[in-house]
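What follows is a set of notes on a single structure, which appears directly below.
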Amino acid sequence: MYLSALLPLALLGGPVHEIRTGDAPQYSTTGLRVAVGDTVRWDATERHPLTFDGESGGPYASGAHERTLTELGRLAFYCVVHGAPGGSGMSGLVTVGDANAPPAITIERETAEPRDGQLVVFSALAADPERIPPRVTWDLDGDGRFEPHLSGVSAGARYGPGTHTVLARATDDLGLIADSRLAFTVPAATATAPAAEAPAPPPVTPRGVTAPVLRVRADRTIRLATLRRRGLRVVVTSGTAGRVTAELRDTRGRRFARVTATVRDGAPVTLRLRSPRMPAGRARLLVRTADGRSISRALTVRR
């Protein structure tokens, strides 16, 4: 499935994806999708010795370990000290190509006994077989419309008395979805005899808690020569600090460019996606954050 890391990268032509380690027993990326010909570089250390599921070689405990992946499939890896085969503990998965299975999601209600007008908070437990964090969106009033500004693993709203329905949707990196539904009841307030009659409060309607902003600016049309020389300029603004990844794919999902950067203090960051192999035609820009939020934009590559 891989070529020797001694082959010069220039001869192979694919980008290099890095999976790093630190003091904590976890990899910087637990799920990664790459194209055939891409190279993956692991940070192998004595503190976190690296090995691969179903292989007799290793563990690798000194310096970077590289593999250029030349066949479609999956490559599972783990730390000998803090993980185990099958995805336990400190482990991860590299998927080569577009093999994909739908994600899974469940909703938990953090507010145990909601009352009339009280903020009810929900959290979503979302997972994907490829171990790439899915994007989570919410429908807090049960009308079947998922609000684009409500994304992230938690959300909340205020409700009046009655039975209400909340939905959460997980969308993976290739667009497969899974939904979860939760119904709950807010009891009517107990009537009391007030000292002086007060006007009845207005009914409370669901109102979402705004999630951190994610905005992307990029040209909808780019010439092939510009894409090859200067690249597609993408400006990403994220309300939370962390790593953002931008990818350029064709309509079949094949990736031709990928860039990762770090957003600090919510400031905009500029990325350039260059590709000497991208053909003319329709394409798609996909931007993802470390917390699972994503934006997908259609664009056209012209000759």
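The values are calculated or read from the model by the stated rules, or taken from the named source; none is laboratory data. Just so we're clear, the structure is a prediction, and the values are computed from it rather than from any experiment. Please note: Cβ atoms are built from the backbone with ideal geometry, for glycine as well, and neighbour counts cover all protein chains shown.
For the reader, a short list of remarks on this structure follows.
- Meets criteria (in contact with a Phe, Trp or Tyr (Cβ under 7 Å, 6 or more places away or on another chain), assigned by TED's automatic domain parsing to the domain that holds Ser180 and exposed (fewer than 14 other Cβ atoms within 10 Å of the Cβ)) for Glu110: yes
- The residues of the range 243-271 that are out of contact with any strand residue (DSSP E or B) (no Cβ under 6 Å at 6 or more places or on another chain) and over 25 Å from Phe146 (Cα atoms), listed by number, are Arg252, Arg254, Arg264, Asp265, Ala267.
- Tallying residues that are crowded, with 17+ Cβ neighbours inside 10 Å and on the phi > 0 side of the Ramachandran plot within the range 64-86 yields 0.
- Among the residues of the range 89-105, not a single one is more than 22 Å from the chain's Cα centre (by Cα) and either buried (at least 18 other Cβ atoms within 10 Å of the Cβ) or part of a strand (DSSP E or B) (or both).
- The number of residues in the range 159-192 being under 17 Å from Ser294 (Cβ atoms) and among the β-branched types (Val, Ile, Thr) comes to 2.
- Inter-residue pairs, beta-carbon under 9 Å, first touching a residue at least 12 places away in the same chain (Cβ under 8 Å) and in the range 50-78, second of a type in the set (Val, Ile, Thr) and in a loop (DSSP other than H, G, I, E, B), 6+ apart: Leu50/Thr21; Ala61/Thr45; Ser62/Thr45; Gly63/Thr45; Leu69/Val36; Thr70/Val36; Glu71/Val36; Leu72/Val36
- Residue count for the range 236-259 satisfying the condition of being more than 20 Å from Asn100 (Cα to Cα) and modelled with pLDDT of 90 or more: 1.
- Residue count for the range 255-281, restricted to those that are more than 19 Å from Arg223 (Cα to Cα) and part of a loop (DSSP other than H, G, I, E, B): 5.
- Exactly one residue among Val16, Val36 is closer than 14 Å to Thr95 by Cα and either modelled with pLDDT under 90 or not assigned by TED's automatic domain parsing to the domain that holds Arg288 (or both), and that residue is Val36.
- Top-ranked residue in the range 271-303 [being among the polar types (S, T, N, Q) and under 19 Å from the mean Cα position of the chain (by Cα); ranked as surrounded by the fewest Cβ atoms within 10 Å (Cβ to Cβ)]: Ser296
- Only one of the numbered conditions (1) at pLDDT 90 or above; (2) part of a loop (DSSP other than H, G, I, E, B); (3) under 21 Å from the mean Cα position of the chain (by Cα) is not met by His48, and that is (3).
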